[in-house]
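Participant: One structure, pasted below without further comment.
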Amino acid sequence: MFSSLLTKSPASKEEAKVVHRSPSHVSVNVMQENPPYQIDQTTLIELVKEKKLDRLREFGGVNGVASNFGTDTQVGISGGADDVARLRNTFGSNTYNKPPTKGFFHFVIEALKEPAVMILLGCAALSLGFKIKAHGHGDSWYEVGSNFAAVFLPIVVSAISNYMQNRKFEELSRANNNILVDVVRGGQHQQIPMFDVVVGDIVCLKMGDQVPADGLFLYGHSLQVDESSMTGETEHTEVNSSQNPFLLSWTKVAHGDARMLVTSVGMNTTWGQISRETNEQTPLQARLNKLSSSIAKVGLAVAFPVLVVLLVRYFTGHTKDENGNREFNRSKTKTSDIINAIVGIATTAITTVAEGLPLVVTLTLAYSMKKMVADQAMVRKLSACETMGSTTTICIYKTCSLTLNQMKVTKLWVDQESVEEGAASVLPFVVDLIHQGVALNTTGSVDRASPGTYFEFSGSPTEKAILSWAVLELKMDMDKMKNTWAILQVEAFNSQKKRSGVLIGRKNYDTFHVHWKGAAEMILAVCSSYYDASGDVKDLTDGKRAKLELIIQAMADRRLRCIAFAHKQVPKEEYDDLKEKKKLDENNLTLLGLVGIQNPCKPGVKKAMEDCQSAGLNIKMITSDNVFTATATAKECGILKLDQDMSSCVVVEGEEFRNYTPEERMEKDEKIQVMARSTPSDELLMVQCLKQKGQVVAVTGDGTNDAPALKEADIGLSMGIQGTEVAKESSDIIILDDNFASIAIVLWWGKCVYSNIQKFIQFLLTVNVAALCINFIAAMSAGEIPLTTVQLLWGNLYMNTLAALSLVPGRPTKELMAKPPISRTEPLIINIMWRKVLAQALYQIAPYNLMVNQSLG
């Protein structure tokens, strides 16, 4: 009955042929370095890209294609490094061609395109020509050479900064795309970088994974794929062995799990011809560009009267040269001298343009991004650097950032008895049922290189904890379970039901079982009986149910995640009915037992929480745990105070929040600090409510179901270790160590970016205001300006370049951390900055006015 469920391994491929000769000859094994393949690369590309199901059947299905590569569908590539190298040499590597890297001179040319720079260079060139004509080559180079140097140095510094920033972005992009992939090679599960995947590899996929290459579905359960990145379709595509066994690279697994055979990699995949390049301008950069333009307009508005006065004085003969002679004489002054004078005056006006603002924001963001990587945060979107400083509320998913995710089963309850040492006191019959529920209802795996070596467990932290407990404590034999039972139907973990189920059948027997595993109170709600200590099935009375609920609550109060196992034997006629409905029976189950899983809080979380709260941030914990576990965790982490009153909607369940009216949600959302038993839709609803009230919201997440909330939030923070590829793709910043303490540092860097830019603006305005005022007063009173073109250009160099380099490398300070979040509507130049600018400018202008008055007097 179950022979069709088992996958047959392909016949081993003959790699050498023995050539028989007469006795006078020697028999030799001839090995081909790269043996020919029956299916070429072009055919493989078209097979998956165009989804040619009939052509696949001509090749003998997926098993026939696998045998073409010499791959066993159960153990993967079994020839070791030599086979992997051979396949990579023949079919290519899993890397993609990118546009040529922008060189240094590309950024020099981009900097030269700035209008102010082009005008200054044109003026310098004209000035050089006229001076050479008037004075020869000897002395003309000094002044004009200084002009050129003062213009070119900021260009070079800006080009170097942009070039280094571009290289840093490329490094971060490579690190972000180099995803670890779970493959089977030589019968062992291995995690390898995505770029090391080769044609013929067997890749294990689970919900939230990114498909690393084009391939074919081998076997799996309820696999649905998000192909929107390829086709634009938002509906998930079902993938199965009968109708659609084709998997495309860079798509995401939305539901279920499977194993796939890789058929094309790198540039040969469907995604291979698509290249992505972004040139993102952040909101702060846009605001600074406007500010820079405004400063330039003000500068030119002030410089224009100065220009008019100086031109009038020049043409009326009131300006004299260094020998005391009038510079302009109608009969003697040459046209070139007039143009040279006008160029000098115009250059003086042009130097007021604040071209240093775009440079300083580029330097600040590049420096901050580099330091944030060292602080375990990888920025995917530049705008996130700035927005983090304005964050007012953080919605934290408990498992991904507050706890260590080093889970361990510490409690087992069967009936009302706590089993302390393994399962010695539990009947073998019940233990065997628990073995079935653990080994076959899981997305994890157990590997062992050889007898006597250590077991290796893979999967989510919860799955690994349960598998290691079952193998090491209950002496479960994973291979024996899989060889004895066949998986007939799977219902993957559902965030609404908070449980997963499996329908299994004993091979060669008409014996069927449904096993469920999940949140204890959810499983208990669908149970009508339980096994007692003697192995007898008893009715689950209200009194018994209440006692079990107390056991669950007691474990939750000790911060233990409580998981329950239940099963039901299915008669043959019911199995046929379930097969038609494609739905597992989840009513009148028999409870097998309860386990408590310990998950300690991460060190440093409580201190980081206190720092954030003292800075005015509202922190909310969102979790799928029950109310008691969630409350205990929130108190341990510092989100809730130990003596806090819980009667004012501080802790709610997701269902309660969901059932509020819109008005009630808007009223209570800011008071809520813990949301227990929540679903992804509850998390999304919370974010939307907070944003409607004007809050700047950051959200943490690690699962595929967290993607909507991560996208909706102002800042999406995904986890680098436990996060799925779907969550990372939906986020703005990836927290590399999955720690809330790193999230707190990111918030402080956001404030630091804003603070450093404000320092530079204040400095720039002070120097510009003082220079403009001095030149204006001098032109009006004395008829000449004390600051020459060369002096203004070199002053401009200092303002735009050296000051930027000196003011950018500021790290977050304790005083900065204690400041409240920066309002989005707050102007870049606040009142205290204007007071300081005017005070400093007056301080510099006053001595000059005093000297002018004394000289005139």
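Participant: Alpha carbon centre of the range 184-245 versus the range 550-603: separation in Å?
Facilitator: Cα centres, the range 184-245 to the range 550-603: 28 Å.
Participant: So for the pair residue 646, residue 574, with labels modelled 7 Å out along Cα→Cβ, what separation do we get in nm?
Facilitator: It is 3.7 nm.
Participant: Between the range 636-705 and the range 456-517, what is the separation of their alpha carbon centroids in Å?
Facilitator: One Cα centre to the other: 34 Å.
Participant: Still on this model: Mind jotting down the three principal axis lengths of the range 602-681 based on Cα atoms? Whole angstrom, largest first.
Facilitator: Per principal axis, max minus min of the Cα coordinates gives 37, 25, 25 Å.
Participant: Find, to one decimal place in angstroms, the Kirkwood hydrodynamic radius of the range 581-625, where the mean of 1/r is taken over every pair of different Cα atoms and then inverted.
Facilitator: 15.4
Participant: Counting other C-beta atoms within 10 Å, which of 155, 466 has the fewest, and how do the rest follow?
Facilitator: 155, 466
Participant: In addition: Sort the range 452-530 into rounded, prolate or oblate with this rule: let a ≥ b ≥ c be the square roots of the eigenvalues of the Cα gyration tensor; rounded if a/c is under 1.5, and if a/c is not under 1.5, prolate when a/b is larger than b/c, oblate otherwise.
Facilitator: Oblate shape, in that a/c is at least 1.5 and b/c is the bigger or equal ratio.
Participant: I would also like to ask the following. Distance between Cα centroids, the range 710-728 to the range 79-95: provide it in whole Å.
Facilitator: Here the answer is 33 Å between Cα centres.
Participant: In Å and on Cα atoms, what radius of gyration and Dmax does the range 356-507 show?
Facilitator: Cα radius of gyration and Dmax of the range 356-507 are 23.4, 78 Å respectively.
Participant: Determine, for 230, 686, the number of other Cβ atoms within 10 Å of each Cβ, and report the residues in order from fewest to most.
Facilitator: Sorted ascending by nearby Cβ count, the order is 230, 686.
Participant: Output needed for the range 614-759: three equivalent-ellipsoid semi-axes, defined as square roots of 5 times the C-alpha gyration tensor eigenvalues, in descending order, whole Å.
Facilitator: Each semi-axis is √(5λ); the values are 24, 18, 17 Å.
Participant: Next up: Using a basic spin-label model with each label point 7 Å from the Cα along Cα→Cβ, how many nm lie between residue 118 and residue 425?
Facilitator: 8.6
Participant: So what's the range 544-642 giving for Rg/Rh, alpha carbon basis, Kirkwood Rh from the mean inverse pair distance?
Facilitator: Checking Rg against Rh, the ratio lands at 1.19.
Participant: While we're here: Diagonalise the Cα gyration tensor of the range 468-582 and give the resulting equivalent ellipsoid semi-axes, square root of 5 times each eigenvalue, largest first, whole Å.
Facilitator: That gives 26, 18, 16 Å for the three semi-axes.
Participant: If each residue's Cβ is checked for other Cβ atoms within 10 Å, how do 164, 666, 478, 621 rank with the fewest at the top?
Facilitator: Listed from fewest to most nearby Cβ atoms, that is 666, 164, 478, 621.
Participant: Can you give the Rg to Rh ratio of the range 181-271, both from alpha-carbon atoms, with Rh computed by the Kirkwood formula?
Facilitator: 0.93
Read the figures in this text as sums done on the coordinates, not as results from a lab. Just so we're clear, the structure is a prediction, and the values are computed from it rather than from any experiment. Positions of Cβ are backbone-derived with ideal geometry, glycine not excepted, and every protein chain shown enters the neighbour counts.
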